[in-house]
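To keep things clear, I will list the structure first and then write my remarks on it.
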Amino acid sequence: MKLNQLSVFLENKPGALSTPCRLLAKAGVNIQTFALADTQQFGILRLMVHDWAKAKELLEKNGYVVKTTEVVALEVPDSPGGLADILEIVEAAKVNVEYMYAFTVKQGGEGLLAFRFDNPDAAIKALQARKINVVGNLELVKRLGD
């Protein structure tokens, strides 16, 4: 139920973001979701793609530093308090949320968020015990049509 996310380290300058995106596009790799964080000198492009190994190899061959990290995708009710309820479960399990970002897909009143937990196995166990749908790779591909 854990998914692989790529973190690509970029210079913080004009054009630095478009180059890896173009490389992936030319190779037929579709970006399912992403988040961009920056500091004054560099940025981190966190992204999820269906064929993460192919994307990682391609980016590294083109000089990028790429780190693979496990994240967890969850269905979160798209209503007031939906995220707060998820966070209460995780906090009760003593798991820290390091960061999170959203997918653009929504299905049946549920949003889809990617979470980076300090202990993903404990988070998954606690969430599944409370009947929260932890989305696996196959379900994600089906939803996103990639």
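Taken together, the values in this text are just the output of simple stated rules run on the coordinates, not laboratory data. Predicted, not measured: the structure shown is a model, and the values here were computed from it. Methodologically, a virtual Cβ is constructed for each residue, glycine included, from the backbone with ideal geometry; neighbour enumeration extends over all protein chains shown.
How large is the charge dipole for the chain, taken about the Cα centre, if only the Cβ atoms of Lys, Arg (+1) and Asp, Glu (-1) carry charge, to the nearest 20 debye?
400
Relative contact order for the chain: what percent, with Cα pairs under 8 Å and sequence separation of 6 or more?
In percent, rounded to a whole number, it is 27.
Could you pull out every one of the lysines with an alpha carbon less than 16 Å from that of Lys54, ignoring same-chain neighbours closer than 8 positions?
Qualifying lysines at Cα under 16 Å: Lys26, Lys67.
For Gly111, list long-range residues whose amide hydrogen, built 1.01 Å from N in the peptide plane, is under 5 Å from its own amide hydrogen.
Under 5 Å from the amide H of Gly111 lie the amide H atoms of Val76, Asp78, each far enough along the sequence or on another chain.
Positive end of the dipole of the chain, charges at C-beta (+1 Lys, Arg; -1 Asp, Glu), about the Cα centre: which of Phe103, Ile132, Val8 has its Cα farthest in that direction?
Val8
Can you match Rg/Rh (Cα atoms, Kirkwood Rh) to one of these, (1) 0.96; (2) 0.99; (3) 1.09, based on a calculation from the structure here?
(2)
Is it possible to state the helix-based mean residue ellipticity at 222 nm for the chain, with each DSSP H run of 4+ residues giving -39500 (n - 2.57), the sum divided by total residues, to the nearest 500 deg cm²/dmol? What is it?
Mean residue ellipticity, 222 nm, calculated: -9500 deg cm²/dmol.
Please give every one of the lysines within straight-line cross-link reach of Lys131, meaning a C-alpha to C-alpha distance under 30 Å, and leave out same-chain neighbours fewer than 8 residues apart.
Leaving aside lysines fewer than 8 places away in the same chain, those within reach of Lys131 are Lys2, Lys94, Lys106, Lys142.
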